[in-house]
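For reference, the structure is listed below as structure tokens.
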Amino acid sequence: MNPEWSCQVWYAIQTRTRRERPTATLLKGKGYEICFPTHVSERRLSSRTDEVSSPLFPGYLFCRFDVHKRLPILVTPGVIGIVGQGRVPIPVPLSEISAIRSLVSSGVPAEPWPYLECGQRVQIADHALQGLEGILVAHKGSHRVVVSVTLLRRSVALEIHRSCVIPIQPLCDVFVGSVPEGVLHEANA
């Protein structure tokens, strides 16, 4: 490891829409280490389909730098900002960057997917029960959608693959009771 990287950690950089690749190139040209994971997707044209490389995290890339020397990053064309809370950048754990890099280098097909948290309201999107709404829960290593009848105060759990559900409630609404009020206002701002 480069000795000057000892105080450098990974941060998520928000970029302008569809400007991730040129922004990554500019930052790499400035000497920063970049993690810009992509996946192959199909784009349908009028008479054919083409395979194109698309970002795994549209609108974001990851950059390793010293947070006290972030001005050159912020003035780079295409950069909207560094992801954080207010004006305080929050680092991305090295374990998450390593996992993303391992996934991309493995060659296993991957694609962007909505972030789902246990306790979040979801809707079944790809199943015989399409349109059904419930709450996503984890139980014995699998995921279930819990459907409740409020009047009876009873619930039914349906075991379902996580890829068959989509979020219908913003994640910050799930944690209204568990997040300090000041943090919630900043997240909703």
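What the table below lists for this structure:
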quantity	calculated
Every pair of residues 6+ apart whose Cβ atoms lie under 8 Å, when the first sits in the stretch 59-70 and is of a type in the set (Asp, Glu) while the second is assigned to a helix (DSSP H, G or I)	Asp66/Cys7
Residue satisfying all of: in the stretch 134-161; open to solvent by 80 Å² or more (accessible area, probe 1.4 Å) and at pLDDT 80 or above; farthest from Ala110 (Cα to Cα) among these	Glu159
Any hit, the stretch 3-14, residues being in a helix (DSSP H, G or I) and buried (at least 17 other Cβ atoms within 10 Å of the Cβ)	no
Among (1) among the hydrophobic types (A, V, I, L, M, F, W, C); (2) open to solvent by 30 Å² or more (accessible area, probe 1.4 Å); (3) at pLDDT below 85; (4) touching a Pro at 6+ places or on another chain (Cβ under 8 Å) - the single one Leu129 does not satisfy	(4)
Filter pass, Glu20 being on the phi < 0 side of the Ramachandran plot, surrounded by 16 or more Cβ atoms within 10 Å (Cβ to Cβ) and modelled with pLDDT of 95 or more	yes
Evaluation of Pro37 against (1) buried (at least 17 other Cβ atoms within 10 Å of the Cβ); (2) farther than 24 Å from Tyr115 by Cβ; (3) modelled with pLDDT under 95 (one fails), failing number	(2)
Criterion violated by Ile73 - all others in (1) within 22 Å of Trp113 (Cα to Cα); (2) surrounded by 13 or more Cβ atoms within 10 Å (Cβ to Cβ) satisfied	(1)
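Every residue, every condition in (1) touching a Cys at 6+ places or on another chain (Cβ under 9 Å); (2) farther than 30 Å from Arg21 by Cβ; (3) among the polar types (S, T, N, Q), yes or no:
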position: Ser46; (1), (2), (3): no, no, yes
position: Leu61; (1), (2), (3): yes, no, no
position: Val83; (1), (2), (3): no, no, no
position: Arg87; (1), (2), (3): no, no, no
position: Ala99; (1), (2), (3): no, no, no
position: Tyr115; (1), (2), (3): no, no, no
position: Val122; (1), (2), (3): no, yes, no
position: Ile135; (1), (2), (3): yes, yes, no
position: Ala138; (1), (2), (3): yes, yes, no
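The values are calculated or read from the model by the stated rules, or taken from the named source; none is laboratory data. Everything quoted here is computed from the prediction, not taken from an experiment. Cβ sites come from the backbone with ideal geometry, for glycine too, and all protein chains shown count toward neighbours. The accessibility values were calculated without ligands, DNA or RNA, using every heavy atom of the protein model including side chains. Shrake-Rupley method; radii C 1.70, N 1.55, O 1.52, S 1.80 Å.
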